[in-house]
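For reference, the structure is listed below as structure tokens.
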Amino acid sequence: MDFPDTLIPARDAIREGRISSRQLTRHVLDRIESLNGRLNAFNSVWADRAMQVAAQVDEGRIGGPLAGVPIAIKDNLCTAFGTTTCSSKMLRQFRSPYDATVVRKLESAGAVIVGKTNLDEFAMGSSTENSAFGPTLNPWDPARVPGGSSGGSAAALAAGMCCGAVGSDTGGSIRQPAALCGVVGLKPTYGRVSRYGLVAYASSLDQIGPFGWTVADAALLLGVMAGHDPKDSTSVSEPVPDYVADLDRPVEGLRIGLPREYQLAGGIDARVKSAVDAAVGRYQQLGAEVVEVSLPHTEYGIAAYYVIAPCEASSNLARYDGVHFGHRTSERVRDIIELFSRSRAEGFGAEVQRRIMIGTYALSSGYYDAYYLRALKVRALIRRDFDEAFKRCDVILCPTSPTPAFRVGEKTGDPLQMYLVDVFTVTCNIAALPGISIPCGFTDDPRPLPIGLQLIGPTFSEQKLLRIARMYEAATDWHCRRPAEPVGA
Ligand code: GLN
């Protein structure tokens with residue numbers, strides 16, 4: 001039997017009775033069973049529970065826009081079922097007393113959650129190598145990383161271990177793994193999706209968003225997850241449009257902004273550059289006008305992000321002290337201070353400790369003005385750059401990642417090299433804007449590696465952003481490619 005691996009076709013096949021949710025869920029669980037030992041995309045698999053939910057869908061007891069479709073969620077989303085580990089030793093056995101709002105919404109829409117995916121510890125990283133449970137490998141080439149921090153979600157989708165997935169994006173963690181795994185990934189406008197039940201990394205930047213094989217799949221998932229939530233005061237009451245309805249209607253008079261600074265930026269892989277240039281050409285053929293825009297403060301994006309994010313992280317992660325939350329040392333300790341410090345030293349991995357130290361330092365008296373306050377000023381300037389640019393264009397186009405998937409271990413010894421991977425993605429979070437990554441080509445390696453294109457729009461422009469992404473997708477077939485079978489071999 002041939003099973004659809006994309007969300008909407010799978011949903012429709014179930015609706016029309018061509019397959020049952022149980023058949024599809026069984027198929028996906030079998031793939032997880034055979035592939036996850038190698039790819040390590042899942043931290044936990046909800047096999048029995050998934051089959052129970054699938055049965056309820058088949059019996060007509062659960063309906064909705066995602067009824068019966070297997071979905072994977074990142075393991076930093078709280079679920080009352082199973083564990084929520086954030087891929088950290090600190091939370092290895094943590095059981096949340098409640099479901100994140102997005103989890104509740106996905107399940108109310110009929111989604112079958114098949115498991116929780118691996119990530120860089122507490123979402124800090126760009127390769128999923130910072131996981132306490134070992135790295136996730138890229139299904140297109142298992143010698144390479146899937147990107148991060150939502151690498152488990154992107155790899156699970158690319159390997160056919162789910163039909164759609166959910167991640168979180170603080171500085172690129174949905175878009176960059178989407179690019180490196182050849183799927184669509186969308187970071188919504190800050191406030192579009194409730195963060196209630198998302199384990200906080202950097203609260204002024206974090207957003208939850210979808211992964212799909214197609215723009216339509218991402219649009220459907222976004223529509224299910226979006227909306228105001230009284231439990232997250234940063235979520236907005238802006239109405240949620242039907243993101244799928246108008247998707248195939250091209251945007252008339254489309255103006256695409258190319259940031260001058262990105263043209264000059266060194267360090268872009270030549271294959272990425274030519275794929276992105278070709279995509280610009282394709283948009284022109286489709287009638288788009290290309291305008292040059294300037295984002296002069298982009299060059300300070302990484303510096304500002306790697307102050308703001310660690311500052312917020314150092315504060316958010318203070319709760320893991322071995323008393324209120326998290327791993328507690330079993331060593332004999334003299335006093336409470338030693339209990340805290342030993343528990344934290346044992347529970348947190350090296351990158352998380354580095355960020356806590358950087359953040360604590362940058363927030364300490366005497367340095368606050370020089371680092372944190374200055375980073376916030378840069379944030380305001382970056383936001384203003386985008387406001388200016390969007391007076392001249394509908395959307396900004398650039399690569400998602402400066403390179404295709406890099407080798408496992410290639411950047412682990414050099415944090416700065418790892419941080420620079422985020423050069424095209426962090427400004428979007430800094431300015432609270434929505435951004436989408438879509439496949440736009442492949443390298444010509446024996447194992448071809450996907451290349452991703454990023455489109456960034458003004459706040460709450462998701463509907464238009466998705467239509468613009470769909471215009472390109474409809475004119476290309478990159479989204480139809482799949483990793484060679486057997487995946488991961
Ligand atoms: N790579 C960035 C970081 O390490 C972004 C991670 C994310 O978006 N969660 O912080």
>> I want the antiparallel fraction of DSSP beta bridges within the chain, as a percent rounded to 5.
In response: 65
> Straight-line reach from Lys377: which aspartates and glutamates have Cα under 15 Å away, leaving out those fewer than 8 places along the same chain?
Replying inline: Glu299, Asp369, Asp385
> Once phi is turned into θ = phi - 60°, what whole-Hz ³J(HN,Hα) does the Karplus curve with 6.51, -1.76 and 1.60 give for every residue of the stretch 42-53, x standing for Gly and Pro?
Replying inline: 10, 7, 8, 10, 9, 3, 5, 5, 4, 5, 5, 5
> Rounded to the nearest 500 deg cm²/dmol, what is the calculated helix-only ellipticity per residue at 222 nm for the chain, with -39500 (n - 2.57) per DSSP H run of length n ≥ 4?
Replying inline: -11000 deg cm²/dmol
>> Report the gain in length on full extension from Glu289 to Ala489: 0.36 nm times residue separation, minus Cα-Cα distance, nm rounded to one decimal.
In response: 67.6 nm
> Where nothing but the Cβ of Lys and Arg (+1) and of Asp and Glu (-1) is charged, how large is the charge dipole of the chain around its Cα centre, in debye to the nearest 20?
Replying inline: 660
> Taking neighbour Cβ counts within 10 Å as the exposure measure, how do Val240, Val423, Val291, Val53 sort from fewest upward?
Replying inline: Val291, Val240, Val423, Val53
>> I need Asp5, Asp445 ordered by Cβ neighbour count within 10 Å, fewest first.
In response: Asp445, Asp5
>> Cut-off under 15 Å on the C-alpha distance; same-chain residues fewer than 8 positions from Lys187 excluded. Which aspartates and glutamates are left, in chain and number order?
In response: Asp169, Asp206, Asp217, Asp422, Glu462
> Which cross-chain or sequence-distant (5 or more) residues have an amide H under 5 Å from the amide H of Trp140, H modelled 1.01 Å from N in plane?
Replying inline: none
> What residues have an amide H closer than 5 Å to that of Cys440, excluding those fewer than 5 places away on the same chain, when H is modeled at 1.01 Å from N in the peptide plane?
Replying inline: Ile451, Gly452, Leu453
> Which length gain, in nm to one decimal place, applies between Arg392 and Ala80 when the Cα-Cα distance is subtracted from 0.36 nm times their residue separation?
Replying inline: 107.7 nm
>> Give me a comma-separated list of calculated 3J(HN,Hα) values for the stretch 184-199, in order, Karplus coefficients 6.51, -1.76, 1.60 applied at θ = phi - 60°, integers in Hz, x for any Gly or Pro.
In response: 8, x, 10, 9, x, 3, 4, x, 6, 10, 5, 9, 4, x, 8, 5
> Amide H neighbours of Phe211 under 5 Å, counting only residues 5+ apart in sequence or on other chains, H built in-plane at 1.01 Å?
Replying inline: Ala165, Val166, Gly167
> Each residue of the stretch 145-161 in order: what ³J(HN,Hα) in whole Hz does its phi give by Karplus 6.51 cos²θ - 1.76 cosθ + 1.60, θ = phi - 60°, with x for Gly and Pro?
Replying inline: 7, x, x, x, 8, 7, x, x, 5, 5, 5, 4, 5, 4, 8, x, 8
> By counting other Cβ atoms within 10 Å of each Cβ, how are Phe424, Phe211 ranked from fewest to most?
Replying inline: Phe424, Phe211
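FYI, it's all coordinate maths here, none of it is from the lab. These numbers were taken from a predicted model, which means no experiment stands behind them. When we count neighbours, we look across all protein chains shown, and the Cβ atoms used for this are built from the backbone with ideal geometry, even at glycine.
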